[in-house]
1. Return only the number of the condition from (1) at pLDDT 90 or above; (2) surrounded by 19 or more Cβ atoms within 10 Å (Cβ to Cβ); (3) among the hydrophobic types (A, V, I, L, M, F, W, C); (4) outside any helix (DSSP H, G or I) that ALA43 does not satisfy.
2. Only one of ARG51, ARG96 is under 13 Å from the mean Cα position of the chain (by Cα), modelled with pLDDT of 90 or more and open to solvent by 50 Å² or more (accessible area, probe 1.4 Å). Can you tell me which?
3. Hey, does segment 74-85 have a residue that's open to solvent by 80 Å² or more (accessible area, probe 1.4 Å) and at pLDDT below 95?
4. Give segment 99-131 a look and list any residue that's open to solvent by less than 80 Å² (accessible area, probe 1.4 Å), in a helix (DSSP H, G or I) and farther than 13 Å from ALA155 by Cα, or say none.
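The values are calculated or read from the model by the stated rules, or taken from the named source; none is laboratory data. Keep in mind it's a predicted model, so treat the numbers as computed, not measured. Using ideal geometry, Cβ is built from the backbone for each residue, glycine included, and neighbour counts are taken over all protein chains shown. Surface accessibility is based on the protein's heavy atoms, side chains included, excluding ligands, DNA and RNA. Shrake-Rupley method; radii C 1.70, N 1.55, O 1.52, S 1.80 Å.
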Amino acid sequence: MLHESRGNTEGPSGGELAVPMAWLYAEYIADELLRTGDLMPPASFEYRAGRDALALTIFLSDLKNELSGIRVVSQLETWLSLTAYDQPWQDWVGERMAVLWADAITSGEPAPDLELADLAWRWLEETELLAPDLDSVPGGGPGSEDDGPKVWTAAWRLGLPLGHLAIHLF
C-alpha cells in the first residue's frame, strides 16, 4: 500500500506530508466490519476498543503492504485466527510493532502509519473499561449483564472479542 498521497513509493521528498494511508485504510476496514455487525453504538468506548483492536490486527497482518480491495475478503480468515480467544494476540502485537519500529528506524523514513498504530496500541493497553466479569459466573446466569459483577478490563481485552465477533458476522 502506498504511504503517500502522491503515489510515490519511496516516501515523501522536499518536505511533503506523508499520509498514513495504510493505517487509515485498516481503520476504515475495521470500522466497516464493526458497523456491519451492529454490536455497539459507534460513539461508545467499547466500539473504539473493537475498532482499534481490529485495525491493529489488519495493519500488522499486512506483511507485504498489499492490502487493497479484493484482498480484504481473502484476509478475513487470517484476522479470525489472529483474534481468536486462544491466541496470544497481545504478544503478537508487541512483537510486530517492535519489528516495524526497528525497520522504520533503520530506513530513516517517516512512519506516520506506525505512529498512529502505536497510539492506538497504547490506548488499548493503558485504558481500562468497566465490563461484566464473565469469569465470575460459570456458564452465565439469569438476568441481564447489568446485574452481575463488573471489573475494570484493559480495552484490548474487551475490543478483541468484539472485533472477532464482527468478523464472524460479516
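1. (2)
2. Values: ARG96 fails: open to solvent by 50 Å² or more (accessible area, probe 1.4 Å).
Exactly one of ARG51, ARG96 is under 13 Å from the mean Cα position of the chain (by Cα), modelled with pLDDT of 90 or more and open to solvent by 50 Å² or more (accessible area, probe 1.4 Å), namely ARG51.
3. Let us first name the residues in segment 74-85 that are open to solvent by 80 Å² or more (accessible area, probe 1.4 Å), namely 77, 85.
Checking which are at pLDDT below 95 leaves us with 77, 85.
The answer is yes, given that some residue of segment 74-85 is open to solvent by 80 Å² or more (accessible area, probe 1.4 Å) and at pLDDT below 95.
4. Correct list: VAL99, LEU100, TRP101, ALA102, ALA104, SER107, PRO112, ASP113, LEU114, LEU116, ALA117, ASP118.
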